[in-house]
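A short worksheet on the structure shown next.
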Amino acid sequence: MSEEKKTQLSQPFYALEPEKVLTEMQTTKEGLTQSEAEKRLREYGPNELEEGKKKSMLVRFFEQFKDAMIIVLIFAAIISAVVSHEIVDSIIILAVVIINAVMGVLQESKAEQAIEALREMSTPNANVLRDGHTESIKSTDLVPGDVVMLEAGDVVPADLRLIEAASLKIEEAALTGESVPVEKEMVTIDQQDVGIGDRVNMAFSNSNVTYGRGRGIVVGTGMSTEVGKIAGMIAQADETETPLKNNLNQLGKFLTAAIIVIAAVMFVVGIAINGTSWDEMFLTSISLAVAAIPEGLPAIVTIILALGTQVMAKRNSVIRKLPAVETLGSTDIIASDKTGTLTLNQMTVEKLYVNNQQIGAKEEIPSEHMAMKVMNYSNDTKFSQEGKLIGDPTETALVQFGLDNQFDVRDRVSAEPRVAELPFDSDRKLMSTIHQQTDGKLLVAVKGAPDVLLGRTSQVLLNDQVVPMSEKEKNEILANNKDMAQQALRVLGMAYKYVDQVPSDMESEVVENDLIFAGLVGMIDPERAEAAEAVRVAKEAGVRPIMITGDHKDTAEAIAARLGIIEKGDDDAVLTGAQLNEMTDEEFAQKVSDYSVYARVSPEHKVRIVKAWQKEGKVVAMTGDGVNDAPALKQADIGIGMGITGTEVSKGASDMVLADDNFATIVVAVEEGRKVFSNIQKSVQYLLAANLGEVLTLFLATLFGWDTLLPIHLLWINLVTDTFPAIALGMEPAEKDLMAHKPRGRNSNLFSGGVFSSIIYQGILEAATVLFVYWSAIQWPVHTAYQAIHSDALTMAFATLGLMQLFHAFNVKSVHQSLFKVGPFRNKAFNGAILLSFVLMMVIIIVPGLNDIFRVAHLDLYQWGIVIGASFAIIPIVEIVKFFQRKMMYNK
């Protein structure tokens with residue numbers, strides 16, 4: 001339906017009488033004529049969702065170059081090539097940048113498939129009335145005003161205002177999150193702003209008919225359907241910046257400023273103090289600036305994230321976007337859909353009331369008890385060829401309960417076949433079947449709403465004895481019904497009687513009267529076994545679980561209490577969609593921390609909830625499996641879809657998909673995310689401390705008039721000692737207390753937690769050590785010739801800087817913990833990387849020919865002793881600093 005048409009309505013369709021809807025839509029109960037339908041198809045367009053504007057691969061590729069760090073690297077590569085003529089250096093930097101961009105494009109190429117998935121969900125055919133005749137047409141040809149016929153098994157092809165409903169039930173979990181199919185009623189709702197789940201006279205596009213039949217007028221097609229609105233919300237949802245992306249941008253900006261300052265100071269000092277010519281000093285300053293850039297950092301971060309995705313994939317978390325790995329580690333809030341995520345999305349019998357007592361479903365109940373017989377006989381569940389139960393979830397739960405208790409309805413019904421029935425009707429709220437017994441009598445099995453059923457009973461079954469129904473018995477049954485309902489159980493009553501023949505008048509007053517009450521059965525969509533433990537672990541880690549559902553408030557509150565999300569009876573922590581509608585965004589933002597459970601919510605509510613927490617500065621992860629979750633999944637800092645029960649829409653809008661649909665897997669993923677960020681910090685600390693050491697070495701050497709390191713030396717050290725150990729640090733196992741800390745939050749960065757101060761003092765320590773070794777080689781030379789002295793000093797400085805960085809990599813295994821506590825050799829990949837880097841460093845010094853290319857000399861044992869001793873010294877020195885840091889932290 002067009003927006004122009006909708007604005008002319010004084011009331012929504014669910015608030016109009018059927019006759020008024022027919023008038024508004026200019027149609028009749030016999031449907032449209034073919035010519036009118038063709039005219040409207042041209043006017044309104046096909047009944048399909050608009051395809052979102054897609055970005056080309058080329059656009060996605062160039063978008064990878066927006067980050068500050070990438071821009072700095074490109075600029076450095078150009079300067080290095082044009083001014084310093086360091087072509088090899090420039091090629092390496094550009095290669096790193098391009099590889100990083102390509103990996104980013106490959107990871108994000110599927111990020112915009114949510115709209116396409118929504119389009120593919122459209123049902124292929126619909127049964128409509130055209131020219132008074134029923135015909136099957138493509139759902140894309142439906143137009144507003146068409147009259148559509150529905151029956152069990154159909155997918156609703158458009159938004160309909162129902163004008164007929166016979167025992168009609170429609171499963172709308174993908175839209176509302178409510179696990180139980182909705183019983184549709186022919187009523188007019190005289191309220192405004194009624195939630196989707198309460199519009200019982202409407203049928204919504206892409207929902208499933210599970211029971212009964214109906215007829216409805218098409219009032220919304222394409223983008224005007226509720227699913228279409230969700231598609232529009234997905235297309236308009238804000239793209240949130242991940243904490244990691246923000247951190248890398250901040251780092252890039254910081255390095256840019258630092259590099260400019262360093263180059264400028266170097267230029268001025270060289271000219272003013274040493275009297276160097278401005279052109280030579282300019283080249284030196286640029287070379288120093290290029291050396292200060294950790295050109296491998298973007299690629300190393302990407303590799304660490306990619307390694308994290310592999311680990312998480314093995315633990316049932318499939319990552320669709322690389323930054324999502326790290327974002328999980330900073331999560332403050334997990335906003336989780338209830339149905340199918342925290343619960344099984346499978347109705348299950350939990351309690352029974354028989355013989356005047358409540359018993360758990362796991363307690364023994366005789367398979368011959370009449371309550372067991374009634375719940376299975378008065379039931380339309382079917383079995384597939386594979387033995388799978390097909391039908392209304394409530395009824396399949398009853399049959400499954402029978403199977404679990406040695407009552408196979410297939411065998412029983414073959415011996416006592418159904419000979420007549422009164423189907424369920426939403427007005428009388430009862431269903432009855434009549435079965436031939438082997439003794440010639442007929443069993444009438446009735447199930448339905450307990451309060452209605454009690455009005456039809458005159459006797460009660462107690463311990464295999466049928467006794468008259470007293471007022472006391474009736475009150476006892478009603479009290480237990482209320483008690484079970486307060487536990488968020490869906491309660492059905494069971495009753496029966498025997499008759500001699502099938503009544504000639506199959507009316508409710510005849511069939512469903514003078515019954516014998518057999519018992520009550522309470523069902524619920526139960527919480528996952530692992531969910532409560534996962535909630536507990538999340539809370540201990542400082543992560544707050546929030547439950548969002550389309551279910552009723554009582555059900556949501558009961559499940560949340562059972563999971564430990566809220567305390568039992570804490571209904572102040574529960575907010576309904578209707579209550580949320582009464583709040584402005586500002587009012588809600590002030591109160592958002594008061595609520596941990598949201599019930600009867602719509603897609604718009606979910607996005608508001610996520611945005612409100614984000615305004616509080618929280619990093620929000622949103623889990624979900626339905627179409628209704630997609631906008632919030634995209635709005636959240638990290639959207640987590642369900643791999644098994646999730647729709648393609650929710651998966652397409654997600655950053656991560658749980659392969660096992662297990663909420664507990666999220667906690668595992670959070671731990672992995674924290675580990676990944678911690679390891680990225682370690683790599684940053686290692687790389688920047690090394691680069692700071694190199695910059696300070698060159699800067700101070702220039703001040704002293706020393707010629708310590710050549711550009712080729714810096715390039716080789718950056719290539720050999722930076723890359724392999726930094727990547728291996730990304731594979732470090734998680735530190736033991738990782739989940740004992742609160743989330744670092746949105747405002748933290750790669751320098752937080754003592755990393756920045758460590759970079760500073762460790763960089764200074766590296767530079768001081770290298771300069772000391774160079775100075776000592778000049779002061780106490782092994783050879784007497786000036787050229788040999790200079791060559792030895794340069795080689796010793798080069799070897800010391802390279803080996804010291806390798807030794808320092810061991811220090812970086814933990815920012816504050818002792819190396820010996822975290823384990824120096826636990827990481828096999830790290831051990832191999834250090835060994836490989838060590839061999840590559842030694843090769844160019846020891847192997848004849850290579851040392852000439854790199855302009856280094858052979859060293860004797862005395863010189864090697866100084867180099868190795870000075871290099872290794874960084875480990876005990878840093879250990880001492882860490883010891884005092886821990887003392888200061890504990891004394892706070």
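The values are calculated or read from the model by the stated rules, or taken from the named source; none is laboratory data. Just so it is clear, the model here is predicted, and its values are computed rather than measured. Neighbour counts run over all protein chains shown; Cβ positions are idealised from the backbone, glycine included.
Quick notes on this structure:
- Unique match (being modelled with pLDDT of 90 or more, under 48 Å from the mean Cα position of the chain (by Cα) and surrounded by fewer than 17 Cβ atoms within 10 Å (Cβ to Cβ)) among LYS472, LYS482: LYS482
For every residue, the table says whether it meets (1) touching a His at 6+ places or on another chain (Cβ under 7 Å); (2) touching a residue at least 24 places away in the same chain (Cβ under 8 Å); (3) under 22 Å from PRO781 (Cα atoms).
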| site | (1), (2), (3) |
| --- | --- |
| LEU803 | no, yes, yes |
| PHE810 | no, yes, no |
| LYS828 | no, no, no |
| LEU859 | no, yes, yes |
| LYS887 | no, no, no |
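- Evaluation of LYS472 against (1) more than 25 Å from TYR377 (Cα to Cα); (2) assigned to a strand (DSSP E or B) (one fails), failing number: (2)
- Considering each residue of region 127-144 in turn, none proves to be within 21 Å of LEU16 (Cα to Cα) and of a type in the set (Asp, Glu).
- When the criteria are applied in full, GLY340 meets the requirement of being on the phi > 0 side of the Ramachandran plot and either of a type in the set (Gly, Ala, Ser) or at pLDDT below 85 (or both).
- Of residues in region 453-469 being in contact (Cβ under 8 Å) with a residue 40 or more places away in the chain and either under 48 Å from the mean Cα position of the chain (by Cα) or part of a loop (DSSP other than H, G, I, E, B) (or both), the one nearest to THR438 (Cα to Cα): ASN463
- The condition (being at pLDDT 90 or above and surrounded by fewer than 17 Cβ atoms within 10 Å (Cβ to Cβ)) is satisfied by just one residue among GLN385, GLN357: GLN357.
- Among the conditions (1) surrounded by fewer than 17 Cβ atoms within 10 Å (Cβ to Cβ); (2) in contact (Cβ under 8 Å) with a residue 12 or more places away in the chain; (3) not β-branched (Val, Ile, Thr), ASP411 misses just one, which is (2).
- Every residue from region 644-685 that is at pLDDT below 85 and assigned to a helix (DSSP H, G or I): GLU648, VAL649, SER650, LYS651, GLY652, PHE663, ALA664, VAL667
- Across region 349-388, the number of residues qualifying as touching a Phe, Trp or Tyr at 6+ places or on another chain (Cβ under 8 Å) and closer than 23 Å to GLU172 by Cα comes to 2.
- A search for C-beta distances below 8 Å between a residue of region 578-600 that is touching a residue at least 24 places away in the same chain (Cβ under 8 Å) and any residue that is assigned to a helix (DSSP H, G or I) and loosely packed, with under 15 Cβ neighbours inside 10 Å, counting only pairs 6+ apart in sequence or on different chains, returns ALA589/LYS615.
- Segments classed as helices (runs of 4 or more DSSP H), wholly inside region 770-872, with at least 1 members that are under 19 Å from LEU719 (Cα atoms): 786-811, 828-846, 850-853, 861-872
- The set of residues in region 35-79 being of a type in the set (Gly, Ala, Ser) and modelled with pLDDT under 65 consists of GLY52, ALA68, ALA76.
- Among the residues of region 373-400, those identified as in contact (Cβ under 8 Å) with a residue 60 or more places away in the chain and assigned to a helix (DSSP H, G or I) are LYS373, VAL374, MET375, TYR377, PRO393, THR394, ALA397, LEU398.
- Taken over region 574-588, the criterion of being part of a helix (DSSP H, G or I) and buried (at least 17 other Cβ atoms within 10 Å of the Cβ) is satisfied by GLY577, ALA578, LEU580, PHE588.
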